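All of the numbers you see were taken from the coordinates with simple rules; none came from a lab. Given the structure is predicted, the values throughout are model-derived calculations rather than measurements. Note: ideal-geometry Cβ built from the backbone for every residue, glycine included; neighbour counts use all protein chains shown.
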Amino acid sequence: MGQVCGGESKQDYSITNVANAYSKTIWVRVVGERKHVTLRNSPIGSTAGIDFTPIYPGDFQSFRLSSNQDPDDPVYITILTDDDLIMCNSVPQLENQSVIVDQNGILRNTMTGFIWRDTNGKDHDVEKSIDDYD
């Protein structure tokens, strides 16, 4: 939680949400320092335990980073798939800017305050899309 100073609350971390509208589980790492990934013929299972978080289709995860880093510095997002595909490798993103991996595996920025709506206004919520056809 934030600290209270002079009656105002200050957030002491940044939040980057990553939503998965892709058809497969993705493995995500969000860090404050650029680190590129090389799989070197090893399955994702052995790599994923090292700073990677699984996000299942139709789900999202919030990543919190300490505010120790300069607020003007980006966070870096790396996303892998179960079949050892590197979707993005240490892609810089503004702090507190969330993203969606869309149904085609493309990384899209979200509108502020939304997890499933991209900056073009398209809703990528998988569960909502399925319910619309019932």
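Miscellaneous remarks
- If you take all other residues with their beta carbon under 13 Å from the beta carbon of residue 110, and give Lys and Arg +1 and Asp and Glu -1, the sum is -1.
- Extension gain for the segment residue 123 to residue 61, taken as residue separation times 0.36 nm less the Cα-Cα distance, is 20.6 nm to one decimal.
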